[in-house]
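A.B. asks: So that we are looking at the same thing, I have put the structure below in structure tokens.
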Amino acid sequence: ERWRAAIKKELHDMIRRGVWRTMKRRDLPQGRRLVKNKWVFNVKRDGRFRARLVACGYSQIPGVDFQNSYAPTISDVTWRILIVLMILKKYKAKIIDVETAFLYGELEEDIYMENPEGLGNSPDECVKLEKAMYGLVQAARQYYKFFVRALMRMGFKVSKADPCLLVKKDEIGVVYIGVWVDDSLIIGDLEAINRVISDLREQGFTIKVTETLRDYLSCEITFGP
């Protein structure tokens with residue numbers, strides 16, 4: 001039952017976000033083929049059952065289904081500098097996790113995919129992707145571009161030293177954000193941090209916030225007395 005509930009949640013999230021639209025196979029453009037997909041199941045460390053519908057990126061055709069695939073992530077050096085800065089300036093720190101992050105990405109190519117198992121479409125139908133989804137070669141790249149544009153609308157500026165470090169300074173305080181795929185380390189003045197999280201939610205992001213900095217990027221963090 002818990003796996004079924006996880007599958008229903010995943011399909012509901014995709015339909016709610018308009019990730020695809022159904023179409024007839026006969027309307028598929030000439031010479032195009034359908035990208036495959038599959039379900040991936042995992043039990044998270046907190047006990048949650050996670051069902052993820054992923055596209056099979058290996059079935060995408062370079063130059064047709066994608067052009068570029070590179071997506072930057074914060075460098076180890078930048079991440080360590082943020083930790084040192086937090087200690088020296090006595091800043092607060094939180095970790096934000098954008099749920100179903102890749103579903104926010106906007107595609108720049110037309111991609112057609114086979115019916116996901118469990119969707120209930122007829123055999124003569126397929127789907128056209130309107131947004132990125134997990135497994136696509138360009139998924140991480142498109143999410144990064146979407147998330148950074150959202151932060152820039154909020155007044156953040158991208159660091160010239162690292163494209164995944166963004167900074168915002170105003171009358172409320174200073175905030176630094178280090179982006180690593182769908183997770184971000186955010187440090188700065190507490191009121192300014194809370195304002196940023198609130199603004200992201202107002203822009204439609206579903207965010208899980210970890211209040212204590214204990215584990216990040218598979219590193220265990222321990223602060224001395």
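A.B. asks: Counting only residues that are free of Cβ contacts under 8 Å to residues at least 60 places away in the same chain, of a type outside the set (A, V, I, L, M) and assigned to a loop (DSSP other than H, G, I, E, B), how many does segment 52-82 have?
C.D. replies: Residues flagged as free of Cβ contacts under 8 Å to residues at least 60 places away in the same chain, of a type outside the set (A, V, I, L, M) and assigned to a loop (DSSP other than H, G, I, E, B) within segment 52-82 amount to 1.
A.B. asks: Do you know which of the residues in segment 87-121 that are in contact (Cβ under 8 Å) with a residue 40 or more places away in the chain and basic (Lys, Arg) is most open to solvent (accessible area, probe 1.4 Å)?
C.D. replies: 92
A.B. asks: With the structure loaded, tell me whether residue 81 is out of contact with any helix residue (DSSP H, G or I) (no Cβ under 7 Å at 6 or more places or on another chain) and open to solvent by less than 60 Å² (accessible area, probe 1.4 Å) or whether it fails that test.
C.D. replies: No; evaluated as a whole, the condition is false for this residue.
A.B. asks: Would you check which residues across segment 119-152 are in contact with a Phe, Trp or Tyr (Cβ under 8 Å, 6 or more places away or on another chain) and more than 23 Å from residue 204 (Cβ to Cβ) and list them?
C.D. replies: Selection gives 126, 137.
A.B. asks: Scan segment 4-17 and tell me whether some residue there is surrounded by 12 or more Cβ atoms within 10 Å (Cβ to Cβ) and assigned to a strand (DSSP E or B).
C.D. replies: no
A.B. asks: Inspect segment 135-158 for any residue being open to solvent by 10 Å² or more (accessible area, probe 1.4 Å), in a strand (DSSP E or B) and in contact (Cβ under 8 Å) with a residue 24 or more places away in the chain and give the result as yes or no.
C.D. replies: no
A.B. asks: Among the residues of segment 184-198, how many are open to solvent by 40 Å² or more (accessible area, probe 1.4 Å) and touching a residue at least 12 places away in the same chain (Cβ under 8 Å)? Before you say what the answer is, go through the steps one by one.
C.D. replies: So the first thing to find is which residues in segment 184-198 are open to solvent by 40 Å² or more (accessible area, probe 1.4 Å), and the list is 189-191, 194-195, 198.
With the extra rule that they be touching a residue at least 12 places away in the same chain (Cβ under 8 Å), the set shrinks to 189-191, 195.
So the answer is 4.
A.B. asks: Any chance you could count how many residues in segment 86-108 are in a strand (DSSP E or B) and closer than 27 Å to residue 20 by Cα? Give the derivation first.
C.D. replies: Here is the first cut: in segment 86-108, the ones in a strand (DSSP E or B) are 92-98, 106-108.
Still in the running and closer than 27 Å to residue 20 by Cα: 96-98, 106-108.
Of the residues in that region, 6 qualify.
The values are calculated or read from the model by the stated rules, or taken from the named source; none is laboratory data. Because the structure is a prediction, the values reported are computed rather than measured. Don't worry about glycine lacking a Cβ; one is built from the backbone with ideal geometry, like all the others, and counts go over all protein chains shown. What goes into the accessible areas is simple: the full protein's heavy atoms, side chains included, and nothing from ligands, DNA or RNA. Shrake-Rupley method; radii C 1.70, N 1.55, O 1.52, S 1.80 Å.
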